[in-house]
1. Compute the acute angle (0 to 90°) between the alpha-carbon long axis of helix 118-143 and the principal axis of greatest extent of the alpha-carbon atoms of the chain; round to the nearest 10°.
2. If each of GLN88 and CYS150 carries a label point 7 Å out from its Cα toward its Cβ, how far apart are those two points in nm?
3. Net charge near LEU64, counting Lys/Arg +1 and Asp/Glu -1 over other residues with Cβ under 9 Å of its Cβ?
4. Could you work out how much longer the chain between GLU143 and ALA40 gets when fully extended? Use 0.36 nm per residue separation minus the Cα distance between them, nm to one decimal.
5. Tell me, in nm to one decimal, what length is gained between MET134 and VAL71 on full extension, where the rule is 0.36 nm per residue of separation less the Cα-Cα distance?
6. Based on DSSP H runs of at least 4 residues, each adding -39500 (n - 2.57), what is the mean residue ellipticity at 222 nm of the chain after dividing by all its residues, to the nearest 500 deg cm²/dmol?
7. What does the charge add up to near SER117, with Lys and Arg as +1, Asp and Glu as -1, over the other residues with Cβ less than 14 Å from its Cβ?
8. Using alpha-carbon pairs under 8 Å, 6+ residues apart, how would you state the relative contact order of the range 1-91 in percent?
Amino acid sequence: MTIIQETVIQADVQLLWRAWTESARITEWFAPAAEIEPRAGGKFELYFNPADRESMCTSGCTILRYDEPRVLVFEWKGPDPFAETMNQGELTAVKVAFSPEADGTRITLEHTGWKDSEASRQAREWHIDAWKGMLASLKSNIESGNGILCCK
């Protein structure tokens, strides 16, 4: 039941690593506010509604693995409609792997930890589209050549 999404982005692996692990950069393409502590055990908190830091967020999530610049694993909380399903007890986890290639960097995202229930299946289906859109946002923002994401 793992979600797997991949994309190749025309950018250096280190630049993409920073796009995922620096609060000022992740807010350019993923969420409008973030608190990321780039280390194992550090915060990985995204706020999709910064005015209300109790809803639509990953508050309390941490980085489980920080293997720069190859693998980042963090806990994940679902959006409010899936809070009862995803945000209580054991959380799901997201692994992002970075692999340099001739034409850029391959990003492979794996979202694991789904329960075997109808509510979990619905949350998983929603996340398939959400992760696809998020990776497209990263790709277009990086490859545009504009702003903080394009530059070291």
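1. The two axes meet at around 20 degrees.
2. Rounded to a tenth, the inter-label distance reads 4.7 nm.
3. Values: positive: ARG65, LYS95; negative: GLU75.
Net charge in that neighbourhood comes out at +1.
4. Fully extending the segment from GLU143 to ALA40 adds 34.2 nm.
5. 20.9 nm
6. -8500 deg cm²/dmol
7. Values: positive: LYS115, ARG121, ARG124; negative: GLU84, GLU90, ASP116, GLU118, GLU125.
Neighbourhood net charge equals -2.
8. Rounded, it is 17 percent for the range 1-91.
Quick note: the coordinates plus some simple rules give every number you see, no bench work behind them. Worth saying up front: this structure is predicted, and the values here are computed from it rather than measured. Virtual Cβ from ideal backbone geometry, glycine too; neighbours counted across all protein chains shown.
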